[in-house]
């Protein structure tokens, strides 16, 4: 039997998603809505398949195995889970350096 998890989006992840959709919307409202649907759908699938994402490679190199990512090209959805919840923490541009993105966020 597969566990059913509640998928919870952090404020940061919601803001990331909003920023992505807003940026794309200026060029193509239809494309923006398709992207929103695709990312939300993949995130919500984690309610039944929380382990489907890979460990974040940059963090795995540091022996950090708490965070996973689901790639929804070109974005990386960073999440973690416990016994009852999946926490989506960020949706990042996969074309950018993760270390730089994390440093930017810590400095804000």
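We did not get these values from a lab; they are worked out from the coordinates using the rules stated. Values in this document were obtained by computation on a predicted structure and should not be read as measured data. Glycine also receives a Cβ, built like all others from the backbone with ideal geometry; neighbour counts cover every protein chain displayed.
Annotations for the structure displayed:
- Pairwise Cα inverse-distance average, inverted: Kirkwood Rh of region 1-94 (Å): 13.6 Å
- P(r) for region 57-103, from all Cα pairs and a bin width of 10 Å, is 26, 56, 17, 1 %, short bins first.
- Sites residue 64 and residue 30 - FRET efficiency at Förster radius 30 Å, r taken between beta-carbons, to 0.05: 0.20
- For the chain: relative contact order, % (alpha-carbon pairs under 8 angstrom, 6 or more apart): 30 percent
- Rounded to 5, the percent of DSSP beta bridges in the chain classed as antiparallel: 80 percent
- Theoretical gain in end-to-end length, residue 15 to residue 52 [0.36 nm per residue, Cα-Cα removed]: 10.9 nm
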